């Protein structure tokens with residue numbers, strides 16, 4: 001049974017690597033941006049004559065933020081700055097670590113390795129969910145560093161992780 005979970009975990013990892021390799025950055029179509037900019041500028045000139053860039057309302061800069069680069073200002077505006085980058089690193093790192101403990105459990109059959117592997121897998125899944133949520137929010141905002149994944153492969157990756165979690169839970173609980 002542990003070998004079946006190991007094989008399924010391997011397939012899930014392979015799908016995850018495939019997702020990362022084939023992912024694309026979310027970009028906005030330049031023509032769509034130009035059309036939207038032109039319509040906003042035309043509307044602004046018809047209403048008050050002010051250019052569209054001058055009508056953007058931004059919160060006042062704090063005195064200590066005036067020398068911050070734009071990327072840092074944007075990161076400070078996120079609900080939790082750096083969460084997406086942290087989850088993007090943590091999900092694969094925890095998955096590889098948990099996989100290593102599960103390999104050790106499969107080879108040695110010491111229960112502590114199985115429990116540690118299961119616990120680390122729970123952390124990897126939590127980091128993956130966090131990454132997906134923050135990446136989705138960033139894509140909706142139009143951030144250029146958000147990733148777009150193939151939905152079919154993503155569903156297989158999630159299903160593989162769920163089945164692996166179920167198998168690992170049954171094995172560690174000795175059911």
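Where a number appears in this text, it was derived from the coordinates with a stated rule and is not lab data. Keep in mind that this is a model prediction, so the values were computed, not measured. Reconstructed Cβ throughout: ideal geometry from the backbone, glycine too, with neighbour counts over all protein chains shown.
If you wrap a convex hull around the Cα atoms of region 61-175, how much volume per residue is inside, in Å³?
Taking only Cα atoms, region 61-175 has a hull volume of 124 Å³ per residue.
What's the exposure ranking of 67, 99, going from fewest to most Cβ atoms within 10 Å?
Placing the least packed residue first, the sequence is 67, 99.
Quick check: residue separation of residue 7 and residue 111 times 0.36 nm, minus the Cα distance between them. What number comes out in nm? Please list the in-between numbers first.
On the way: separation 104, 0.36 × 104 = 37.44 nm, distance 1.87 nm.
Result: 35.6 nm gained on full extension.
Could you put 97, 164 in order, starting from the residue whose Cβ has the fewest other Cβ atoms within 10 Å? Present the calculation step by step, with values, prior to reporting the outcome.
Numbers: 97 16, 164 26.
The most exposed by this proxy come first: 97, 164.
At residue 73 and residue 93, where each label point lies 7 Å from the Cα along Cα→Cβ, what is the point-to-point distance in nanometres?
So the two model labels end up 3.0 nm from each other.
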